[in-house]
Each structure stands twice: as structure tokens, then as C-alpha cells.
Amino acid sequence: MSDSCIIVGASHAGVSLALQLRREGWAGPIKLIGEESELPYHRPPLSKEYLAGKKDLDAMRLRPAKIYADNDIDLLLSTRVNSIDTEKREVQLGSGESLGYQKLALCTGASVREFIPARGLESVFYIRTAADIARLAPCVRKRCRVIVIGGGYIGLEAAAVLAEKEISVTVLEMSERILQRVTNRTMSDYMQHLHESQGVEIHTGVEVESIREEGQEKLIGCADGTEFRADFLIVGIGVEANASLALSAGIESRAGIQVNEYCRTSDEHVYAAGDCTVHPSLIYQRQIRLESVQNANDQARAAAANICGKQQVYDAVPWFWSDQYSIKLQMVGLSTGYDQVVMRGSVEGGIQASFALFYLKEGVLIAADCVARPKEFMISKKLIKARAKIPAQHLQNEEIEPINFASA
Ligand SMILES: Cc1cc2nc3c(=O)[nH]c(=O)nc-3n(C[C@H](O)[C@H](O)[C@H](O)COP(=O)(O)OP(=O)(O)OC[C@H]3O[C@@H](n4cnc5c(N)ncnc54)[C@H](O)[C@@H]3O)c2cc1C
């Protein structure tokens, strides 16, 4: 039997897992296999500084090329794993070659959800990979018109970048408010006003039904009869976990690859980490799937420790950030199920605003959304982990320093 560990997917989770394996003492070969052609890079800047043209790909590498060689990690790029034979403990590559493993780690991430009315049309772009931005970049010209379908984080980040380039940006969101899935109405309204103050048009409760091409123009038809025109479209309607490789190998998967608290799948020799997984959250007492760099890195490190024989439970507090214009939004925890929201600071001041929204359930802090409030963000991580009950008046009172929330 091979003494290799094979990692499928060479992005945030895969790279962290490979390097952590060496730190944990994995002595056998490590093969890190990714289908993208680029040396692994940070994905978040794609809809931020990279789209803005403020950063190039070389400034976004997860690790310099030398790190892989120094750690004796065999990085195979432009290589797809087509199937897994769990009986033989082998993976089959696109080239037809088979590679044996002792342990396998699936870090296959997620892929964009396709917007069916746009299928097969030119000038419709998604943002998931560096190659996606390379396709989109030539369309980004001053005074052209773009429609962004989807008012989630990625659509809004792209809208912010393009609005700053004197492009006419319209966001069409199907829900009654932007960011509905991830935050409360106060934050949605704040973000909507922020974008509108920068010239972005936002329409909510709008269902796009059809897209037609008229010469170089796109005509976007909505269920209520309204029509929009644009030179190009950006679609950001969410992602789906890449679980089909696992599923076809008989590894339990539904909305993602199912792992236990040790990041192990239903096959004892196969682990998984990152966007592709569904895992039990001890803090929230339910199964969750996350799309964040924090989760990809932390879960991968726990998986590496467990591959090397430890029994490390993955129980991190999720956190996420989003940059739009000059503001940094920092979110920690998951707000689903809250019964009270407490606001500290004020949404007044547009781009200068500074506030935090704390989400409580039966008095316990479960999540916080922060704009220009780094101290509140940092302490919330600890308090959520501790399942702390914090009186609402402490959270609101600006005379109490965040560090003293629990003790005041
Ligand atoms: C535009 C954008 C902005 C974002 N902004 C933020 C942010 O501000 N903050 C934040 O926390 N998160 C952000 N995210 C989310 C974050 O990037 C993801 O959570 C993170 O990339 C997940 O890492 P991963 O390694 O699990 O998966 P991925 O990054 O999706 O990587 C999976 C890799 O596996 C490869 N792969 C899949 N199947 C195979 C196969 N069969 N064979 C070989 N290779 C395979 C894929 O090609 C891909 O390279 C953003 C994402 C995007 C797209």
C-alpha cells in the first residue's frame, strides 16, 4: 500500500492541510492536486483589489512556490482528479494515471451556481477563479453599463469596485433586501444606502426571467415586466459544494461532503475540509456548511492533525469579512435563530459610520456584524466561543470597553 497522503484541491484548505501535515510529522509523500493552472492564490481579492486592478496575481499567492519544494510537497497543477476507488485506495487523474494513497483529503471547494437564463450567452461573467477575472477584465471600461445579478457579498463587492471605475452599475436582487441570507435589515439597509450614495442602483424583489441579446446589448426581462439594458452581466447567486467526486465514490454527501467533528468522512481513510464540507458545529448544535477562508484554514489544520493520528475536534467560531468602498465589514458567528439584536454606535455617517450589531439568543451572544469596530469583533469571537450571556445594556453602552463586556 502507498504511504502517500493525496490532497484534492489546491486552494486555501488544500494548501493549509499540506503544510500542516508536515508540521504534524507526516513523513510519507504528499501530493497536492489542483485543476487550476495557477500557483495557489488568495481568492477573496478576486472581487476586491484584483478586480480593481490594484493587486496582481503574484501579490496574491497563498505561499511562494519555494515553500512546496522546501516541505517536499508535490504540487500537481492543471490536474483533475476524476474518480476515487476507496477499495483500492487510489485516485484516477484526468490523464488516466492512477495514484495510490494511505490517506486522502478532499478540499474540492465550491463552484458558482449557474444562472440558467444566461446559459450560452456572451459577456456574462461569474467570479470564482483568477481565470474568471481574466475573462471579465476586457469588458471593464469607463461609462459602460453592468447588471449584477445577486445582492450577496460577492455581487456587492464587484458593484463597489466597478462603481469606483465610473461604470454604471445596477444590482438586481430577488429577495426583498440585499444580504438577506446573512444579516439583518439594519445592515441590509445600511449597505443599500452606502451603495446608492456611490451611484449604484439597487432593485430588490426583482426576479430576472429572461436575457436577450440585441447586438452588443443585453436586455434583461423581469417577472414584473420591467426591463434593463446592459453591456455585460455579472452573476453572483451563490455557490454549491463540489461534492460529486466524493458522492460517486460512495462517500456520504448531501449539500456537501459530510464530515464528523474530526473532519473524517464516512470512509475512515478519507478526510475533507473547507467549502466542500458539511460539519457538526458544537457551538450552534447543528450541521453547517461555511464559505470562508477562516473555515478552510482552521478545518484543514484540524484534518491534518487527525490524519496524523491526533483526535482534534474542529470547533472554531466562524468569521468572515467583506471590503466594499473604504469600509471593512467583519462578521463573526452565525446569527440564524437570534431573538434580539443590540446595536452599538450608529449607522449614520455613510462611509464614515462605525457600529456593531450583536445577535443574542436567550441572552447568549451568537453573532456580531461590525463596521469599523475591530475591538467589538475581536471580543465577540471569544464571547461566542464561551457561549457568554451578556446584558444588552453592556453591549450598547459606549462607556464600557468591549474587553469588559462580560465583567462590567
Ligand atoms: C470572489 C470571492 C471573494 C471572497 N471573499 C471572501 C472574503 O472576503 N472573506 C472570506 O472569508 N471568504 C471569502 N471568499 C470565500 C473563500 O474564498 C472560500 O471560502 C475559500 O476559497 C474556500 O477554500 P477551499 O480551499 O475550501 O475551496 P476553493 O477555494 O473553492 O478551492 C477548491 C479548489 O479545488 C479544485 N478542485 C475541485 N475539484 C477538483 C478535482 N476533482 N480535481 C482537482 N482539483 C479540484 C478547484 O479547482 C479549486 O481550485 C470569497 C470567495 C470568492 C470567490
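In segment 379-393 there is no residue that is in a loop (DSSP other than H, G, I, E, B) and either within 22 Å of residue 189 (Cβ to Cβ) or of a type in the set (Asp, Glu) (or both). In segment 233-249, what residues are without any contact (Cβ under 8 Å) to a residue 12 or more places away in the chain and closer than 18 Å to residue 113 by Cα? Listed by number, the list holds a single entry, 244. Every condition in (1) within 25 Å of the chain's Cα centre (by Cα); (2) more than 18 Å from residue 352 (Cβ to Cβ) holds for residue 212 except the one numbered (1). Considering only residues that are closer than 29 Å to residue 49 by Cβ and assigned to a loop (DSSP other than H, G, I, E, B), look in segment 327-350 and name the one that is most open to solvent (accessible area, probe 1.4 Å). Out of the qualifying residues, it is 348. Of all residues in segment 43-78, exactly one satisfies the criterion of being touching a residue at least 24 places away in the same chain (Cβ under 8 Å), touching a Phe, Trp or Tyr at 6+ places or on another chain (Cβ under 9 Å) and assigned to a loop (DSSP other than H, G, I, E, B), namely 62.
Consider residue 23 carefully, then state whether it is open to solvent by 30 Å² or more (accessible area, probe 1.4 Å), at positive phi and modelled with pLDDT of 95 or more. It is false that residue 23 is open to solvent by 30 Å² or more (accessible area, probe 1.4 Å), at positive phi and modelled with pLDDT of 95 or more.
Residues of segment 366-383 that are within 23 Å of the chain's Cα centre (by Cα), surrounded by 22 or more Cβ atoms within 10 Å (Cβ to Cβ) and more than 19 Å from residue 328 (Cβ to Cβ): 366 alone. Restricting attention to segment 26-40, the residues that are open to solvent by 10 Å² or more (accessible area, probe 1.4 Å), within 11 Å of the ligand (Cβ to nearest atom) and under 30 Å from residue 328 (Cα atoms) total 2. Considering the conditions (1) crowded, with 24+ Cβ neighbours inside 10 Å; (2) away from the ligand (no atom under 11 Å from the Cβ); (3) assigned to a loop (DSSP other than H, G, I, E, B); (4) not polar (S, T, N, Q), residue 10 is excluded by exactly one of them, (2).
Can you list the strands (runs of 3 or more DSSP E) lying wholly within segment 221-312 that have 1 or more residues being within 16 Å of the ligand (Cβ to nearest atom) and within 29 Å of residue 132 (Cα to Cα)? The qualifying strands (runs of 3 or more DSSP E) are 232-235, 239-241, 270-272, 277-281, 286-288.
The strands (runs of 3 or more DSSP E) falling completely within segment 116-216 that include 2 or more residues that are open to solvent by 70 Å² or more (accessible area, probe 1.4 Å) map to 208-214.
Residues checked against (1) closer than 30 Å to residue 190 by Cβ; (2) of a type outside the set (S, T, N, Q):
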{"position": "112", "(1), (2)": "yes, yes"}
{"position": "116", "(1), (2)": "no, yes"}
{"position": "125", "(1), (2)": "yes, yes"}
{"position": "129", "(1), (2)": "no, no"}
{"position": "133", "(1), (2)": "yes, yes"}
{"position": "138", "(1), (2)": "no, yes"}
{"position": "141", "(1), (2)": "no, yes"}
{"position": "149", "(1), (2)": "yes, yes"}
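Considering only residues in segment 79-138 that are touching an Asp or Glu at 6+ places or on another chain (Cβ under 8 Å) and modelled with pLDDT under 95, the one that is nearest to residue 43 (Cα to Cα) turns out to be 123. The set of residues in segment 139-177 that are modelled with pLDDT under 95 and either at positive phi or within 16 Å of the ligand (Cβ to nearest atom) (or both) comprises 140, 143, 166.
Within segment 250-293, the set of residues being among the aliphatic types (A, V, I, L, M) and either without any contact (Cβ under 8 Å) to a residue 12 or more places away in the chain or open to solvent by less than 10 Å² (accessible area, probe 1.4 Å) (or both) comprises 251, 257, 259, 270, 272, 273. The single condition among (1) part of a helix (DSSP H, G or I); (2) over 15 Å from residue 78 (Cβ atoms); (3) not hydroxyl-bearing (Ser, Thr, Tyr) that residue 25 does not satisfy is (1).
The values are calculated or read from the model by the stated rules, or taken from the named source; none is laboratory data. Please read these numbers as outputs of a predicted model, since none were measured by experiment. Heads up, the Cβs are rebuilt from the backbone with ideal geometry, glycines too, and the neighbour counts pull from every protein chain shown. With ligands, DNA and RNA removed, areas are computed over all heavy atoms of the protein, side chains included. Shrake-Rupley method; radii C 1.70, N 1.55, O 1.52, S 1.80 Å.
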